[in-house]
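The values are calculated or read from the model by the stated rules, or taken from the named source; none is laboratory data. Everything numeric in this text was worked out from a predicted model, so none of it was measured. Virtual Cβ from ideal backbone geometry, glycine too; neighbours counted across all protein chains shown. The area values use the complete protein model at the heavy-atom level, side chains included, leaving out ligands, DNA and RNA. Shrake-Rupley method; radii C 1.70, N 1.55, O 1.52, S 1.80 Å.
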Amino acid sequence: MKTAAAALFLLWFAGCGGGSEDLALDEIDLEVKVLRLDVDMANAARSLQADSTVDTLVLYQEHFAGYRNFITEWMFLGQDSGVTDAMVAGMMYGFVADSYGQDLLDTIQQALPSGSFDPSAALTPLFKRYRYYFPDRSIPEIVTFVDGYPPTAQAGFDQLVVTPTYLGIGVHYLMGGKFPYYPPDLPKYVRRRFNPAHLPALVAHRLADIAVPAPALDENPVLLDYIIQEGLQMHFVDKVLGPDISDTIKMYYTAEQLEWAQFYEGKAYLDLLPHLYEIDYEQVRRYVEDSPFTSQLNRKSAPRLGQFLGWKIVQAYAEKHPEEQLAGLVARTDYAQIYKAAGYRPPRNE
């Protein structure tokens, strides 16, 4: 398992990034520090395994006191008033003293030991680019942690926790596609991206969710609005990840899915055209929601083709308007104007 995790961390799919310019990252003064709460959780569990009489508050002071602010924002939703050290200590003790938690922590630390898993190195290029494009935005403090799993994937999963101060990374969702602890109904096409190689893309997509406003529902958005909004998100992801990260990683595609999307780009666009100005959430779901394929087409198609085509449209717009800065572009909501100004003309391969 340890070897497999190391290989996953070094894996980068073949193929260049989607046209994002390279930056002189050495000239950007930024050090991304990652606090390894997951390691301290594992150490606390080992302490209890060695001596089950360790006092809850003693365990807290030795392993968790330095993470109090994060734990408060994570577990208590930032409600610090009235939250005592004893309450925080009890929450953490409950997990690391449980046999399930101890087994999970031990398994994860064997797969992702500190020496081979370096989230700081993986995320520093991303946040340097983020600082370049958004110099006025603060860089969150990053904390890696471990939590349990919900009984079903439909309940959601805390792979990335965003608080006012922190970006929490749940490393229990970086264990590879075949890890047995995940919720049993978690789809294989989602499991594929749950590995350290996808960590920068997972973070970039989460940042994009925050940076790019969603279509306003009270304005009755049409399918085009969602397509361009998804394209703006992918343009953001492309820029902050840079050209060294492949499009397969950025899009969560396999190499075969990317090849399909590129080959059938023109045909997929023609299929999309009649629906662009429809107010039909079923069409939105078919084109942009996560799935194993784009159900509007066929089971062999690449998934989320609306996102892929939206990215291509926004790329076409950005190439024609190089003066427009990324921060301003991704904040726009005049989606129809972006679409018209892009003058997008896809290739047509048959």
For GLY168, enumerate residues with amide H under 5 Å from its amide H, sequence gap 5+ or separate chain, H modeled in the peptide plane.
VAL143, VAL161, VAL162, THR163
Centre separation in Å (Cα based) which lies between the range 303-350 and the range 53-74
47 Å
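Suppose every K and R has +1 on its Cβ and every D and E has -1 on its Cβ; what is the size of the dipole of the range 254-334 about the Cα centre, in Debye to the nearest 20?
On the way: 9 positive and 13 negative charges, 43 e Å.
Taking the Cα centre of the range 254-334 as origin, the dipole is about 200 debye.
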Under 14 Å, Cβ to Cβ, from TYR277 - net charge with Lys/Arg +1 and Asp/Glu -1:
-3
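How much net charge surrounds TYR182 when only other residues with a Cβ under 14 Å from its Cβ are counted (Lys, Arg +1; Asp, Glu -1)?
Numbers: positive: LYS178, LYS188, ARG191, ARG192, ARG193; negative: ASP147, ASP158, ASP185.
Local charge sum for TYR182: +2.
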Given only helices, namely DSSP H runs of n ≥ 4 each adding -39500 (n - 2.57), what is the per-residue ellipticity at 222 nm of the chain, to the nearest 500 deg cm²/dmol?
-14500 deg cm²/dmol
Row for the range 128-167, column shape: gyration tensor on C-alpha, a ≥ b ≥ c, rounded if a/c < 1.5 i.e. under 1.5, prolate if a/b over b/c, else oblate; value prolate
Carbon plus sulfur, as percent of the 1.4 Å-probe accessible area of the chain, comes to 52 percent
Quote the convex hull volume per residue of the range 265-350, based on C-alpha atoms, as a whole number of Å³.
105 Å³
One finds, for ALA341 and LEU217 with R0 = 22 angstrom and r their Cβ-Cβ distance, a FRET efficiency to the nearest 0.05 of 0.35
Relative contact order of the chain, defined on C-alpha pairs under 8 angstrom at six or more residues apart (%):
20 percent
If you take every DSSP beta bridge fully contained in the chain, what fraction is antiparallel? Give it as a percent rounded to 5.
25 percent
Angle in degrees between helix 37-50 and the longest Cα principal axis of the chain, rounded to the nearest 10
30 degrees
Calculated diffusion of the range 180-232, Stokes-Einstein form, Kirkwood radius summed over Cα pairs, 10 °C and 1.306 mPa s, µm²/s
117 µm²/s
Measure out, as a whole number of angstrom, how far apart the alpha-carbon centroids of the range 186-244 and the range 138-176 sit.
17 Å
Mean Cα-pair separation over length for the range 194-324, i.e. relative contact order, pairs under 8 Å, 6 or more apart, %:
30 percent
Bin by bin, in steps of 5 Å, what percent of the Cα pairs in the range 228-288 do you find, going until the bin that has the longest distance?
4, 14, 20, 25, 21, 11, 5, 0
Taking loop as defined by DSSP and a crowding limit of 13 other beta carbons within 10 Å, which trypsin sites (Lys or Arg not before Pro) in the range 266-350 fit?
ARG299, LYS300, ARG348
Equivalent-ellipsoid semi-axes of the chain, from the Cα gyration tensor, Å, largest first:
39, 21, 20
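Quick check on the range 35-141: what are the equivalent-ellipsoid semi-axes from the Cα gyration tensor, as sqrt(5λ), descending, whole Å?
Semi-axes, largest first: 29, 20, 9 Å.
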